[in-house]
Structures are given as C-alpha cells and as structure tokens.
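Visitor: Can you read through this structure? Questions will come right after.
The values are calculated or read from the model by the stated rules, or taken from the named source; none is laboratory data. Bear in mind that the values here come from a model prediction, so they are computed numbers and not experimental data. Cβ placement follows ideal geometry from the backbone for every residue including glycine, while neighbour counts extend to all protein chains displayed.
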Amino acid sequence: MSKKVIGILGFLVIIVGILGAYCFNLNREIVALTELQKEASHQIISMQDNINIMDAEMASLNKEVTSRMMNVEDKISTLSSKIEDIAVISTERLYEEVKSGVVEVVTEAGGTKQITASGFIFDPRGYVVTAYHVVEEATKVDVILYDGTISAASVTGYCPFSDIAMLTLEQALTTNALTVGDSNAIAIGEPVIAIGSPFELSGTVTSGIVSQKDRFVDIEYDTGKHHWVANLIQCDATVNFGNSGGPLINSKGEVIGLTIARVDPGEGDGIYYSVSSNKLKRVALSLIDHGFFDYPWLGVKLTNLTPQEARARQLDTINGTRVTEAIAGNPAALAGITADDIIVAIDGIPVREVADLTSYLGENKSPDETAMLTIMRDGETREIAVKLGKRAS
C-alpha cells in the first residue's frame, strides 16, 4: 500500500473519530436537553396545578365574598326597613289618607241620654263598625260622616264577647271603606295612631306604639257590666271616653284594631285596648252575613300558673294555663279534660297563659270544630281532642 493511501486512510480515521466524538457529545447534549425539557414540563404542570388551585381558591373566595356582600345588603335592607318602622309616624299623612273613613256615632237611650262615640266604614255598601257597648242600650243611632252628612243607622248585629257591633246606614255612602290589615303581622313597638271623637271632639288623632298583643282583659263598662274580651292589642296611643269604636291605624294606613277601652285613670295611664283586626274581620263578616257571631266554647275555667304552683308540680316553667274547673256537660269535660289539667298547647300552638288560648280560639276556631289540646296531667303529656261548643249569650 502506498504512503499516499495510508495517509488518506489515516486522515479518514481522524475525521471519523472527530465525527464520532462530535456525535457522542451531541447525543449527550440532546439527552441533557431532553431531561431539561422533561423537568420544564413537570414544572409547567406543577405551575398549572398551582394556578388551578389558586383559581379554585379565588372562585371560592369570590363566592364567599359575594355571599357575605349579599348578607350585608340583606341586613342593610332589613335595618332600613326597621328604621322606617320605628321612625316617627307621619300622622298628618295617615290622617289625610284615612280621615274620610272615620265617623262619629251618636246614640240616644230612653229619648234623653245622648252619647257620642266613634266608628269607621267597614264596607262601602253602607256598613259601619263600632263597639258593642256604644249601641248596647241605644234606641236611636245616627252616624255623622267626615263631610258632615248625617245618616240614621240600624244595628245589623253584635257580639258582646268581642265588643263589636255592625251598623247599616240608611243613606248611601260616597266614600271608601278603610282597609283592614293583618293584626298577626304587627310588631311590638311599631307606631300606630288612633282616631275618634273623645268628649265630642271629632277627628281627634293621637299617636303611640303597640305595647303588646293577644291580651285577655276583664273590661268594665260605664253601665257597670263586665266582659272578658280576648284578642286585644295594647297600645299607648291615648284614647278617652268617645274614642270607643274608632280605628287603630298602622303606618301603612291599615286598621289593625278597634278601640274599646282604657285603664281607669285612677289606676294608671298609658294602657289602652283595641280588638285585633283579625278578630274584627271574622266577627264583622259574620254580623253582615248572619247578624250574629257564634263564639267557640270550651267550657272550662282557667288560671295562669304561678311560680309556686309550678314548683309544687315539679315544673321548670310557668308556661301553660291550669284548668280550675271543667264544667260538667260542656265540651272539655265531655272530652275528658279535668280540673288541674295544664293546657300547654292547642292545635300544636304553644299556650303560655290564658290569653294565648282565648286569643287562638277567637281568631281561628268556630263551634262544632275540633281543637286538639295538649295537656300535662300527673307529669305526663296527653293529647285530647275537644269538639267545641257555642258560647251561650
């Protein structure tokens, strides 16, 4: 072999060696780049996972913030509503809205004795509602409308136990009836106004708040008669002799009560009573349709529990009303109610005191309906169904 060929072969070997070394290094770099790419991919995936987690956390946080903002808005709205409710009532605005529906009721008894009281238009067909004790002994009744028009009126019907009477005017009405609201929706402390004719001062307006509801009070009238009246709203809007039969108005201009009585000034002040509007509606509609209202009757005598009685019976509450007598032959006795039973609920509604029971009956039950009484007897709770009777006049 010639030296020339050997030289060429040697050169080729060197070239191949260089190329091999280059390829080896290139392959190492490729492998390194591949590993770097894998690591970068892992980091990108990890970063994406973190981003997804952050997105989820942000979404959750945004949802929570939105929810809290909505709660804050609701609380602000509720607070605004309460502020409006407790704000000083616009007596002028309310009076302008309802004044045409309030009337004076003038009665005569025996041809000489004249009494001026109050009432309001219940139905535009000519029905005016007032207190029963206003017309109880009347031989003649006149109604004076807001515009001064005088109309003779007849007594359509009455319910002494609710102290409500319905009058029918002989003259057609030219004004609207007042709107009767839902007395169950009233809140203790909400503002009210009373309108009537105390001491013949027609159109007198007084304002105050609802002090309590569902009272059960023994009302003593000027005639010397007494009636226990249920479903009473207590308020401190001043009323006097002559206000009886007038409306108690809420901030919406709705009638929520019919004024009937006040605590004797010699005993105290600031306590006035109105029959609840829900009771009023039940009775008034029955008087219009039938001329009477059948009052539901359990046939029991009741008293509120005292702390001493509760302790003696090993009770941890004075809630409930104790039966002092189940009158023989009457609904409760016939159903198995006995003296010393403690009524703690009626139709599943808790009974804290006598007023709760009588108020529920007056606004929700009628004779011949069944009331489910929950009683405590000898430390045990029992359910007794009582078919209600009709309270005798």
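Visitor: Taking segment 238-280 as the region of interest, how many residues are under 17 Å from V128 (Cα atoms) and of a type in the set (K, R)?
Guide: Total meeting the criteria: 1.
Visitor: Exactly one condition in (1) under 19 Å from H227 (Cα atoms); (2) assigned to a loop (DSSP other than H, G, I, E, B); (3) aliphatic (A, V, I, L, M) is not met by V239; state its number.
Guide: (1)
Visitor: State yes or no: is G189 on the phi > 0 side of the Ramachandran plot and not basic (K, R)?
Guide: It is true that G189 is on the phi > 0 side of the Ramachandran plot and not basic (K, R).
Visitor: In addition: Determine which member of the set A153, A165 is of a type in the set (A, V, I, L, M, F, W, C) and in contact with a helix residue (DSSP H, G or I) (Cβ under 6 Å, 6 or more places away or on another chain).
Guide: A165
Visitor: Which of the residues belonging to segment 203-235 are among the hydroxyl-bearing types (S, T, Y) and either surrounded by 18 or more Cβ atoms within 10 Å (Cβ to Cβ) or in a strand (DSSP E or B) (or both)?
Guide: Once the filter is applied, which keeps residues that are among the hydroxyl-bearing types (S, T, Y) and either surrounded by 18 or more Cβ atoms within 10 Å (Cβ to Cβ) or in a strand (DSSP E or B) (or both), segment 203-235 yields T204, T206, S207, S211.
Visitor: For segment 270-315, how many residues meet the condition of being surrounded by fewer than 20 Cβ atoms within 10 Å (Cβ to Cβ), over 20 Å from G157 (Cβ atoms) and among the β-branched types (V, I, T)?
Guide: Of the residues in that region, 3 qualify.
Visitor: Right, next: Can you confirm whether D316 is among the acidic types (D, E), at pLDDT below 95 and touching a strand residue (DSSP E or B) at 6+ places or on another chain (Cβ under 9 Å)?
Guide: no
Visitor: In addition: Can you name the residue in segment 128-141 that is surrounded by 20 or more Cβ atoms within 10 Å (Cβ to Cβ) and in a strand (DSSP E or B) and is also farthest from the chain's Cα centre (by Cα) among such residues?
Guide: Among residues in segment 128-141 that are surrounded by 20 or more Cβ atoms within 10 Å (Cβ to Cβ) and in a strand (DSSP E or B), the one farthest from the chain's Cα centre (by Cα) is V141.
Visitor: If you don't mind, there's one more thing I want to ask. List the helices (runs of 4 or more DSSP H) inside segment 290-393, counting only whole elements, that have at least 3 residues being hydroxyl-bearing (S, T, Y) and within 22 Å of N278 (Cα to Cα). Before the answer, list the steps.
Guide: Working: elements: 307-312, 331-335, 354-364.
Counting at least 3 such residues, we get 354-364.
Visitor: Given the condition over 26 Å from the mean Cα position of the chain (by Cα) and either farther than 17 Å from R352 by Cβ or free of Cβ contacts under 8 Å to residues at least 12 places away in the same chain (or both), answer yes or no: does some residue in segment 269-282 qualify?
Guide: yes
Visitor: Which residue is surrounded by the fewest Cβ atoms within 10 Å (Cβ to Cβ), if the candidates are limited to segment 142-195 and must be part of a loop (DSSP other than H, G, I, E, B) and among the aromatic types (F, W, Y)?
Guide: Pass one, segment 142-195, residues part of a loop (DSSP other than H, G, I, E, B): 145-149, 160-163, 170-179, 181-182, 186-190.
With the extra rule that they be among the aromatic types (F, W, Y), the set shrinks to 146, 161.
Details: Y146: 16, F161: 19.
The residue in question is Y146.
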